[in-house]
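First comes the structure, then the notes that go with it.
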Amino acid sequence: MPIRVTLDRILEDRGVKSKDLAAHVGITEANLSLLKQGKVKGVRFATLAAICRYLNCQPGDILIFEDDEV
């Protein structure tokens, strides 16, 4: 998958625990874990916006496109 999720790094940089983010955003810790591992097929814009709002970041800070085909 050419999209890499860097949410772990952002959480560490901000000193935020996964369980606190999950509670604020309104998703389960299990779903947040799947997102952090890049094992989801999609994420709702509302969820992404809530994550960015809580972490004071941009979507591009969390999701990185790495094209291996070039």
May I ask for the angle, rounded to the nearest 10°, between helix 45-55 and the longest principal axis of the chain, with both axes built from Cα atoms and the value confined to 0 to 90°?
70 degrees
Within a Gaussian network of the chain (alpha carbon springs, distance under 10 Å), most fluctuating of Leu21, Leu32, Leu48
Leu48
Show that you can apply the helix-only estimate: for the chain, add -39,500 (n - 2.57) for every DSSP H stretch of four or more residues, divide by all residues, and state [θ] at 222 nm to the nearest 500.
-15000 deg cm²/dmol
Using the Kirkwood radius over Cα pairs, work out the Stokes-Einstein diffusion coefficient for the chain at 4 °C and 1.567 mPa s, in µm²/s as a whole number.
105 µm²/s
Lys, Arg +1 and Asp, Glu -1 on Cβ, resulting dipole of the chain about Cα centre, debye, nearest 20
380 debye
Averaging sequence separations of C-alpha pairs under 8 Å and six or more residues apart, then dividing by the length of the chain, give the relative contact order as a whole percent.
53 percent
FRET efficiency, Tyr54 to Ala30 (Cβ-Cβ, R0 22 Å, nearest 0.05)
0.75
Using θ = phi - 60° and the Karplus form 6.51 cos²θ - 1.76 cosθ + 1.60, what ³J(HN,Hα) does each residue of the range 2-16 get, whole Hz, x for Gly and Pro?
x, 9, 10, 9, 10, 4, 4, 5, 5, 4, 5, 4, 8, x, 9
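Bear in mind that the values in this text are calculations on the coordinates, not laboratory data. Every value quoted in this text rests on a predicted model; they were computed, and no experiment measured them. Cβ atoms come from the backbone with ideal geometry, glycine included; neighbour counts cover every protein chain shown.
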